[in-house]
Amino acid sequence: MTINLIYEQTPEFKKDFKKLKKRLRTLHEDFNLVKKTTIELLYLQNTDNRSIFPIPELCSQKVDICKIKKFACKSLFGKGSRSGLRVIYAFLKSNSKIIFIEIYYKGNKPNEDRNRIKNFLKNL
């Protein structure tokens, strides 16, 4: 049996992405690559490349809230996977759905928006 991941984005994530894309021209291409090389690798092939970190206090039996820390962006020259971009997503275990909650540049914002994540979980 083959598991397929379903990808969705919150409206806030779309807004964050659009804002970052103005500065980082390769973001869309880099984001698709991250989905294949980190998320699909972890959930479809059970291979952890140490890019994804669960946020323990926000995880439950039904949902894992995770942060992608190693995000290589071609627009940020010389940084490689330590570009400073972070992606927060929820993995719904029951139907293998990935919902992207937040994307941000660590230079502009040190940590994820906990209130946004809690509101997302409340409305889930």
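The values are calculated or read from the model by the stated rules, or taken from the named source; none is laboratory data. Because the structure is a prediction, the values reported are computed rather than measured. Because the Cβ atoms are built from the backbone with ideal geometry, glycine has one as well, and the counts that use them run over all protein chains shown.
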Review point. Which residues, taken from segment 1-35, are within 25 Å of residue 122 (Cα to Cα), touching a residue at least 12 places away in the same chain (Cβ under 8 Å) and part of a helix (DSSP H, G or I)?
Key: 12, 13, 16, 17
Practice item. Might you check whether a residue that is surrounded by 12 or more Cβ atoms within 10 Å (Cβ to Cβ), basic (Lys, Arg) and under 11 Å from the mean Cα position of the chain (by Cα) occurs anywhere in segment 14-37? Key: yes
Revision key, fill the gap. The condition from (1) assigned to a loop (DSSP other than H, G, I, E, B); (2) touching a residue at least 40 places away in the same chain (Cβ under 8 Å) that residue 49 misses is numbered (2)
Revision key, fill the gap. If we keep only residues of segment 99-115 that are in contact with a Ser or Thr (Cβ under 8 Å, 6 or more places away or on another chain) and either of a type in the set (A, V, I, L, M) or part of a helix (DSSP H, G or I) (or both), then the residue nearest to residue 18 (Cα to Cα) is 101
Study note, to complete from the structure: For segment 72-87, pairs from a residue that is in a loop (DSSP other than H, G, I, E, B) and of a type in the set (S, T, N, Q) to a residue that is modelled with pLDDT of 80 or more and surrounded by 14 or more Cβ atoms within 10 Å (Cβ to Cβ), with Cβ under 6 Å and 6 or more apart or across chains, are 75/24; 75/26; 81/70; 81/72; 83/71; 83/73
Review point. Among the candidates 96, 51, 75, which residue alone is crowded, with 18+ Cβ neighbours inside 10 Å, modelled with pLDDT under 95 and either of a type in the set (A, V, I, L, M) or over 19 Å from residue 115 (Cα atoms) (or both)?
Key: 51
